[in-house]
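First up is the structure itself, then whatever we jot down about it.
The values are calculated or read from the model by the stated rules, or taken from the named source; none is laboratory data. Since the structure is predicted, the reported quantities are computational estimates derived from the model, not experimental observations. No Cβ is skipped: glycine too gets one built from the backbone with ideal geometry, and neighbour counts run over all protein chains shown. Quick note on the areas: whole protein, heavy atoms, side chains included, nothing else; ligands and nucleic acids left out. Shrake-Rupley method; radii C 1.70, N 1.55, O 1.52, S 1.80 Å.
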Amino acid sequence: MERGSMLDKLPEDIFDSLYSYLPIEDAARAACVSHGFLRSWRRYPRLLFNNKTQGYKKLSMHLDQDTRALEDEQYGLDKIGSYFINMINHALENHSGSGMKALILQLFPCRIDASFIDKWLQIAVKPGIEELALEMSIPKKRAEYNFPSLLLSNEIGGATLESLRLISCSFHPTITLGCNKSLTSLYLSFVHISGEELGQFVSNCLVLAQLSITNCNDIVCFKVPSVLHHLNHFQVGNCEMLQVIEISAPKLSSFVYGDSLIKISLGAEVKRIRMIGSKPNTLCHARAELPSFMPAVERLIVESSCEKVKTPVLSSKFLHLKYLEIYLVDVQLYYQDYFCLVSFLDASPALETFVLHVETGCLLRCDSVLKDLDNGQLHLRQMPECLRYNLKNVIITGFSSATSLIELTNHIVRNASALVCMTLDTARGCGRRTGKTDKCQHMSKEGIMEAQKALEAVNRCIEGMVPSSTNFKALEPCCQCGC
């Protein structure tokens, strides 16, 4: 079946433009049944290959069976790996390379010989390419593939490249590459590159706006000798050897980093910070260190996966902080005192929104306030001479009957006179409420029982104290949370 008569009348460039809007699976299927569509496929602008790309199955069946058998015998590839290689080979060999804007190679879980990857990159990386991603499985030993940085030179395709994403390879840029003038986004993960190489490469990226470096363990010191005038988002994490970061990025507004580093100098008043930690003192570090080296922060998100150290009460302040969100993941409630989070609230006179997510599987170990209530021995802690908060919105998910959590909530209600909305959600992550997904995080039978205890604790300890002007909600898990 060829292109219909109406389509045949369209100029080729207009038809190619319409064809480019087809999802890649449909574009590949169409190319299998029509020479006209195959001509447009040769100029298809965005190619994505991974083990879920089903649309290429039919396309790859056009391979000569004898050739396939030879490849299997020659390279000793397993059936899946062989099919995957043949699929990409066939698609790229039938693509002229002209008009290609993006090539995304997600090659996990297969292990693929470097010669194939070199071949695919040489076909795709030509003048006009804007996005390039090479994502491979993380090997048990050192990454085997060495990304050919010469491909990024002006003469080959680097002059137009805007986004480069590399996972699990070596990258050693040694010359001034063409992409330095056009690159706006750089993502490196499990990449072997030295701090000096990275610093020199980034310093020549004149329009770089987004930089992400994760799990790059060859970097000890990352210094960029020139000013990054356009950088607005910087993420670094899990670089085990990294000790020093020194960059000058006057427009940097968002900074995401992992566990504490020895020295950080960003040369900017960063307003948005996301801190992701796996050490037992992540919150403690955030409270103690951030006010001094990030004094202009307005939005702070802290994620801690094993917090065991109480957040200290300090005199330093977050004078401009308006939004605070804290994730406590798999925290042992036995070790965690939620009431110590008051330290953040006291230090943030401009804070308007406070969100706390408690994601833990240790609900049975919590020190339930109901025990003291039933025994008539309840004594909730209160802070003397507490400042009046500017808080307007408070959300706590994974709310439980833990005494310290009741104390924290009680403290907020007493001292947030401008409180407009408070939501206490006993579910761990209800998709129906967040709107981010149609699925809910599973709650065990014990978790559902704890949610009922939490609702009882709210009714007995908190609800009666909330002003009538506050929109107060205490939510139970939905019918799907326990499924």
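Tabulated data
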| read-out | value |
| --- | --- |
| Amide H contacts of residue 48 (H built 1.01 Å from N, under 5 Å, at least 5 apart or other chain) | 104 |
| Karplus (6.51, -1.76, 1.60) ³J(HN,Hα), θ = phi - 60°, over the stretch 181-197, in Hz, Gly and Pro reported as x | 8, 10, 5, 10, 9, 10, 10, 10, 9, 6, 9, 8, 8, 7, x, 5, 4 |
| Pairwise FRET efficiency - residue 463 versus residue 381, Cβ, R0 = 22 Å, nearest 0.05 | 0.70 |
| Extension reserve of the residue 133-residue 48 stretch, reckoned as 0.36 nm per residue once the Cα distance is removed | 29.7 nm |
| Heavy atoms of residue 218 accessible to a 1.4 Å probe, total area in Å² rounded to 10 | 60 Å² |
| Sites residue 448 and residue 418 - FRET efficiency at Förster radius 30 Å, r taken between beta-carbons, to 0.05 | 0.30 |
| The stretch 322-328 - phi-based ³J(HN,Hα) in whole Hz, Karplus 6.51/-1.76/1.60, Gly and Pro as x | 10, 9, 10, 10, 10, 10, 10 |
| Calculated from backbone phi, Karplus (6.51, -1.76, 1.60) coupling profile of the stretch 341-351 in Hz, x at Gly/Pro | 5, 3, 4, 5, 5, 5, 8, 10, x, 9, 4 |
| Förster radius 45 Å - calculated FRET efficiency between residue 215 and residue 367, Cβ distance, rounded to 0.05 | 0.75 |
| Simple spin-label estimate for residue 315 and residue 174 in nanometres, 7 Å along Cα-Cβ | 5.6 nm |
